Each structure stands twice: as C-alpha cells, then as structure tokens.
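Below: the structure, in structure tokens.
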Amino acid sequence: MNSLFDDAELGLGSALPEGAHHVPGFLTLEQQRWIVGQFHRWTRGPVPMRGAKVGGHEMSVKTVCLGWHWRPYEYTRAAVDVNGNQVLAFPDWMVRLGRRALVQAAGDPRAGEDYTPDTALVNYYAESARMGMHQDKDERSRAPVVSLSIGDTCTFRFGNTETRNRPYQDIDLTSGDLFVFGGPSRLAYHGVPKVHPGTAPAGCGLDTGRINITMRVTGLTG
Ligand SMILES: O=C(O)CCC(=O)C(=O)O
Ligand SMILES: [Fe+2]
C-alpha cells in the first residue's frame, strides 16, 4: 500500500462511517447571516428558546423548534412543556436547503428527491454549553438528519450505533459547515463536547456562541 495517498496524509482525517458526510463551507457567509436573522425571529416567536429538561435537568443547550416541537422524547405541534403555543411552521426554503444538502453530501443530483424534512431543532450553544452523546431516535422516519453550524467552531463527536463510547471521531464543525447522517449511520451516537469561544468568522452574523440547526423527518402526521 502506498501511504502517500492515505486520507491522513492528504489532510482529510479518517473516513467517516457509511452514511455520514461532512461538507465544510456549505453555507456562504451571506447565507449564514441571513439564517442568523431568521434565528432571531424564531426566538421571538410563539415559543421562546429554552433548555429542554432531560430527567429533571435542564440542558445547557437552548432550543427552539420549527414544524414540530421536540421535548424528550416526543414530538408535538404545541410546545406543551413550555407555554402551550403552536410552534412556527417549517419554512419552504429550509426544505429546499435540506434537499440541496443531501445532494452535496452524496455527490448525487437525485439524492434529495424524496427528502421533505418537517421539523428542525434550532440549538444555541453559549460558550459553556455541551451536548452529551445521544441518538436521534424520536423520529418514526429513518430519513437522514441534516445539520448546519453557524458561529463558533465546535468539537462534534460522531460515534457508532451500539454504544455512546468509542469508537468515535472528533470533528471540528466550523461556521457554514454541513454534516449529514443517514443510512447505516442514522442512529449513530453523537454529541458536542466543546464549543471554541472566539472562533466565529467575521460576517457570519453571530458574535458569540454557536447555532446548530438539525432538520429531520418526523414521520408523523397531523
Ligand atoms: O449541535 C450539534 O451539532 C448537534 C445537535 C444534536 O445532536 C441534536 O440537536 O440532536
Ligand atoms: Fe442529535
């Protein structure tokens, strides 16, 4: 084997498991700024951003949802654990962006054809916020999760489907990056052990902290 062309030698890091894709620089700075503008609108919306309670503990990550409201471990149209209001509709532009994300991640112009995400969890990480290793498994559909990052860089830990422990990889997600997990990686454990303060690029629209948007298909009707 010629090691000259190993991924590590080429600076690509190790390969992700099948179904997982990292696309650095998916969003332009202009698109990032525009989404941050939408984020401020969402947080002023019918349901305020809040830390969901998991086993009585409030998460350090604050979340506002679109389309369907998520709380551990269920989706509802109304934010029953917050103020009872219906969440904002899932925007059409985000459906189109989700489809384009799958096309770019797979390098296949048809990869987005059947994809219609109907919920987004919009997460805000202040500098000390973390997200423990977990699976996204409250959806009935096993369609891919499309994840977008804006603001400070984070360490994203992407593991395996069996346990929250090793093997896993730590990947830097920087502002504008796309990460997709579907197929055999759809139920892989993942988390965010660290946000790196002061790393948001000028012009992304966010001075401090990190916004993450994960689009999903709930598989629910009503
Ligand atoms: O912030 C991230 O990159 C991941 C968020 C996540 O895993 C989730 O919302 O379920
Ligand atoms: Fe997740």
(message) Need pairs with beta-carbon distance below 6 Å; first residue closer than 20 Å to residue 111 by Cβ and within 13 Å of ligand 2 (Cβ to nearest atom) and within the range 145-161, second part of a loop (DSSP other than H, G, I, E, B) and of a type outside the set (Ser, Thr, Tyr); sequence gap 6+ or separate chains.
(response) 145/136
(request) Could you please tell me which pairs satisfy a Cβ distance under 6 Å, a separation of 6+ or placement on different chains, a first residue in the range 15-36 that is assigned to a loop (DSSP other than H, G, I, E, B), and a second residue that is among the aliphatic types (A, V, I, L, M)? (result) 26/178
(request) Kindly list, by first and then second residue, each pair from a residue in the range 180-201 that is within 22 Å of residue 107 (Cα to Cα) to a residue that is crowded, with 19+ Cβ neighbours inside 10 Å and at pLDDT below 95, limited to pairs with Cβ atoms under 8 Å and residues at least 6 apart or on different chains. (result) none
(message) Looking at 186, 210, 216 in this structure, which one is closer than 28 Å to residue 89 by Cα, of a type in the set (D, E, K, R), more than 10 Å from ligand 1 (Cβ to nearest atom) and modelled with pLDDT of 95 or more?
(response) 186
(message) Can you pull out every residue in the range 144-160 that is part of a loop (DSSP other than H, G, I, E, B) and more than 12 Å from the chain's Cα centre (by Cα)?
(response) 152, 153, 159, 160
(message) If I go through the range 164-194 residue by residue, how many of them are within 13 Å of ligand 2 (Cβ to nearest atom), surrounded by fewer than 19 Cβ atoms within 10 Å (Cβ to Cβ) and basic (Lys, Arg)?
(response) 1
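The values are calculated or read from the model by the stated rules, or taken from the named source; none is laboratory data. Predicted, not measured: the structure shown is a model, and the values here were computed from it. Glycine gets a Cβ as well: all are built from the backbone with ideal geometry, and neighbour counts include every protein chain shown.
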